[in-house]
Every structure is written in structure tokens, then in C-alpha cells.
Amino acid sequence: MRYMAAIVLAAALLSGCQGADKAGVNGSSPSSQPEVSPTAMSATPSAPASSSMEEPLLYIEQLRIIGGGQLVQVKSNIDIDQKSLEQALKNSLQTSDPETEFRYTLEWESPRFVQIRLHLDENSVWSGTFNLDEAVTVDGRKYASTEQPYRNTVVIRAGDGEGSLLFQGVTSGTRRVVPAWNTGWIKPVQTRESVAPSYLFYGQEKHHLVHALTGEALEIPVFAQEKDAYGNDYGYHEMYSDRFYEDFTYMISGNKTLYRVDLKGFTSKKLHVFNKPVYGMSSSPDSKRIAVLTAHDEFIGPGADLTVLDQQGKILHSRENAAFISHSDGFLFVYSLAWEDDSHLILPADRDEHNPLGQIRYNTGNGASSVMQDERITDPLKQDLKEHERQPHNDLLLSGLKWSPDNRFAAFKSGTGAIQVYDTQERTFTFVSAGTLLGWMPDGTLAWADIKDLVYTF
């Protein structure tokens, strides 16, 4: 299912939707239509002449009602078999919390238009998904599409939008919720004090570093924006390291200047100024080296040069075109890189048949490099993922798999936008939640954030 953002008048959305009989499921239909505000929408169909040769299509809009509540509007170019749609919803429904009842009302406005009114507790952190592929027209034709496997899938999210970190045991079912902050960028951060990660929630005025196990948060003020800073496409002028040490860390300001930041007094010391935009940075486990990727070309292109600096900002090592990610020129977003140990870096590269993970292991001592492989990605896993996603190629999903500590489970963000977990022993898939996938804790619980529809993790 494809969505495109839209803002339209509520009266226009509801025109033509009055005067028809309504059939209710798990509730009764209200007598009047509320104003609504769309959150995501597909193109509204015209009214084509009925034709037995016409492909059956569903057009799905997800709407938030002004004042509270949600609607899913389903329109068709051909009369819908009502019972089949109701059964398709019931059969395919998966929720993040099976103990919480999913209540809804089906309101049929016409044989081609139904509103699914959701009765959700917006104070809860809840999400679910269903698929209407098995619905059929009155003459028995399915709405499923092999070319667009996600087009009839709906992902629903309740919650008040305040933001939460969630931790769930995949086998135990235990669940923990930690209050968090709305943000457009969450960065996993390693510390020496804990084997469990912390998560840095970026903000325009303040950042918050939240410890995953304790929920304790460190508030980090935003520094003044760098003079002559480079613009970027992710919205924040500071880029912190993926490691925080006992009382300091490193930060790039304005995609150009490297600083050491004191985490007690929040003062900064300038270490180095780069003459080209910075794409990404990471600091070594021993804190003595900082790796930085900068644009290779004068313009912002796909190639990136590597510079390794010491604690004082002195250049120790450099390599041209050490990393490469295909993208349109002019778009500056973060390139992920990380220290595997105090000598080796994991650098990004384009995925292909020889480099399915899109990663290079680079030795900063002798400059040797090798393609990263993952023996956990087996042929059965690839086949199961192909059938589950109904896509012949899933290279992006495979390269982004997050493995549990015992390597039994692989979590990933499905093409539908939902977080799924694959069990390598049972060869099954489980819906976990909507949200931003973060990773696994040492105890085997899975972490994700319920923040916004679009959050970068890099």
C-alpha cells in the first residue's frame, strides 16, 4: 500500500458519504460524521464505468478525527463483497498486545465505500496491522496484487504522540515502557558503564541520552549553530559520537567542526575544522581516535573520504573514497560507520551480489579492507523472507537485520512499515509493533521507539 501525505478540507473528505445504510461490527454507528484530519492518503478514485475487465482496486485512507479517534476509509472502483472484507480484516489482524481488545465499527456508506471506525485507547501505547487482500468483489475477484504486495495493508498506531521507548521479551512476553521525547533522530550510544546501549534523542533545543535499562536521562543543551555551517537533510546541526565516555564525548557541529564536549559542565573544545561537509563520525572504544567521513567531491555526492584523528584533532590516517552510498547529488544525510575495535572500522558501501550487507571492514593500521559477510543469512531465511514480504529481492531488509544475542531471532522493519521478528528455528514471523526499530538488549528483549512515522536511526 502506498500513501502520500495530504491536507484537505474535512467537508471535502466527507462529501458524498451520507445517506446510506450502515452496518456495524463490535459497536454501533454514530448518527453524524465528525470532522477529520488526514494523516496519510492514497489517490481518491474517480467513478469509472463498471467493466468486467477492470482490475479491482482498493483505495485506503487513514484519518485522525479532530477531537480524538481514528478512521480507515476504504473505497473501491467495483462493488465490494461486504462479508469478505469483514472476514479479511478479522483473519489478518495482528496487534502489539494480544491482551488488549481491538474494537472497531464497520460503516458501509455504499457498496464501494466503507469506513472502519477505530475505538482505541489513545492513552495506551498500542499498534496493529491488517491486510485486505482476501476481500473480493461481488463477482468474486480478489483485490490482491502481486506487483504491489503492500498496497492493501494497514498499520495502525494509538498513543498520544508524547513518545515512548518500549522493551519486550519475544518469548516471555514481558513488556516495559519508558517515557521518551518526540524526535526525528534517535542514535544508539555505547557507554563504558553498561553493556546495554543508551539512546540519544535529538532535539532542537535539548538532547536527551536515555539509559535503556534504568530509564535515567542525561539532558544535553544544544550549542550555538556553527558559523557558515553546511546544511543537511536530517534537520539537526549537531552530530554526536556513537560512544560516550565517563565525562566527555565528541561532536560535529554544522557538519564541519569537530569538538570534544565535557558532559559535566557542557563546555566544548574545538579540535578540527573540515573543508568539506561531514557525512558521519564515530569514536573508538578506547576514546583515542575519531573517524570522520567527509564529501569526496566539491558537491555533495555519493563518495566519502575517511579521516582518522587523535584526541587533539591531529590527523593520523586518511583514505580517499573509503565509503560510497548511491544517492542523488546534493542530499546530505548521515553515513553510518562504527569502530569494530580500536583498529578496525565498519564502513558503508553499496550493496551488490558480492557485498550483500553493504559494509566494508577497514584496517586503519595498514589500510587493508574486506567485504563483510553474515553466515546467519541462510538460504532458508532468504526464501522465507521472500514469501513473507512477497518481494523477489529483499537486500535492504537483509542488510538491516538485527539479531538477538543468541542469534535465534532476527528483527527487521517490514516493507509495510511494521516491526517483525523472524524465528530461525520455527521459521515463523511475528508482528511486534509499529515504530522505530532500535535493537536487542543483552537479556534478549527487543527495543523500539514509538515516536513518529519517520525517525532516522542511521
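The values are calculated or read from the model by the stated rules, or taken from the named source; none is laboratory data. Only a predicted model underlies this, so the values are computations on that prediction, with no experimental measurement involved. Note that we place each Cβ from the backbone using ideal geometry, even for glycine, and neighbour counts take in every protein chain shown.
Check whether at least one residue in the stretch 367-375 is on the phi > 0 side of the Ramachandran plot and surrounded by 13 or more Cβ atoms within 10 Å (Cβ to Cβ), and report yes or no.
no
Please verify whether the stretch 218-235 includes one or more residues that are of a type outside the set (Lys, Arg), in the same structural domain as residue 299 (by TED's automatic domain parsing) and closer than 19 Å to residue 338 by Cβ.
yes
So, residue 336, is that one free of Cβ contacts under 8 Å to residues at least 60 places away in the same chain, within 24 Å of the chain's Cα centre (by Cα) and in the same structural domain as residue 273 (by TED's automatic domain parsing) or not?
Judged against the criteria, residue 336 is not a match.
So how many residues does the stretch 92-124 have that are touching a helix residue (DSSP H, G or I) at 6+ places or on another chain (Cβ under 9 Å) and buried (at least 17 other Cβ atoms within 10 Å of the Cβ)?
Result for the stretch 92-124: 5.
Would you be able to say whether some residue in the stretch 328-349 is on the phi > 0 side of the Ramachandran plot and of a type outside the set (Val, Ile, Thr)?
Scanning the stretch 328-349, I find at least one residue that is on the phi > 0 side of the Ramachandran plot and of a type outside the set (Val, Ile, Thr), so the answer is yes.
Among residues belonging to the stretch 177-210 that are surrounded by fewer than 16 Cβ atoms within 10 Å (Cβ to Cβ) and of a type outside the set (Asp, Glu), point out the one that is farthest from the chain's Cα centre (by Cα).
For the stretch 177-210, the residue satisfying everything is 192.
Scan the stretch 361-382 residue by residue and report those that are among the aliphatic types (A, V, I, L, M) and closer than 27 Å to residue 404 by Cα.
371, 372, 377, 381, listed by residue number.
I need the full set of residues from the stretch 239-294 which are aliphatic (A, V, I, L, M), in a strand (DSSP E or B) and more than 16 Å from residue 227 (Cα to Cα), in order please.
261, 281, 290, 291, 292, 293
Output yes when any residue across the stretch 153-170 is assigned to a loop (DSSP other than H, G, I, E, B) and closer than 14 Å to residue 448 by Cα, and no when none is.
yes
Output the qualifying pairs, or none if there are none: Cβ atoms under 6 angstrom, residues six or more apart or on different chains, first residue in the stretch 193-217 and at negative phi, second residue loosely packed, with under 14 Cβ neighbours inside 10 Å and in a loop (DSSP other than H, G, I, E, B).
Within 6 Å, the pairs are 195/442; 196/442.
Taking the stated definitions as given, is residue 273 in the same structural domain as residue 342 (by TED's automatic domain parsing) and either within 18 Å of residue 187 (Cβ to Cβ) or touching a residue at least 40 places away in the same chain (Cβ under 8 Å) (or both)?
no
For the stretch 41-64, which residues satisfy the criterion of being farther than 18 Å from residue 141 by Cα, modelled with pLDDT under 50 and among the hydrophobic types (A, V, I, L, M, F, W, C)?
41, 43, 47
Within the stretch 380-400, is even one residue basic (Lys, Arg) and in contact with a strand residue (DSSP E or B) (Cβ under 9 Å, 6 or more places away or on another chain)?
The answer is no, given that none of the residues of the stretch 380-400 is basic (Lys, Arg) and in contact with a strand residue (DSSP E or B) (Cβ under 9 Å, 6 or more places away or on another chain).
So is residue 134 in the same structural domain as residue 61 (by TED's automatic domain parsing), touching a helix residue (DSSP H, G or I) at 6+ places or on another chain (Cβ under 6 Å), in contact (Cβ under 8 Å) with a residue 24 or more places away in the chain and farther than 18 Å from residue 417 by Cβ or not?
Yes: the conditions hold for residue 134.
Criterion first (under 24 Å from residue 422 (Cα atoms), among the hydrophobic types (A, V, I, L, M, F, W, C) and either at pLDDT 90 or above or in contact with a Leu (Cβ under 8 Å, 6 or more places away or on another chain) (or both)) does residue 189 satisfy it?
Answer is no for this residue.
Got a sec? Which of 286, 228, 247, 242 is acidic (Asp, Glu), over 22 Å from residue 446 (Cβ atoms) and in contact (Cβ under 8 Å) with a residue 40 or more places away in the chain?
On inspection, the qualifying residue turns out to be 286.
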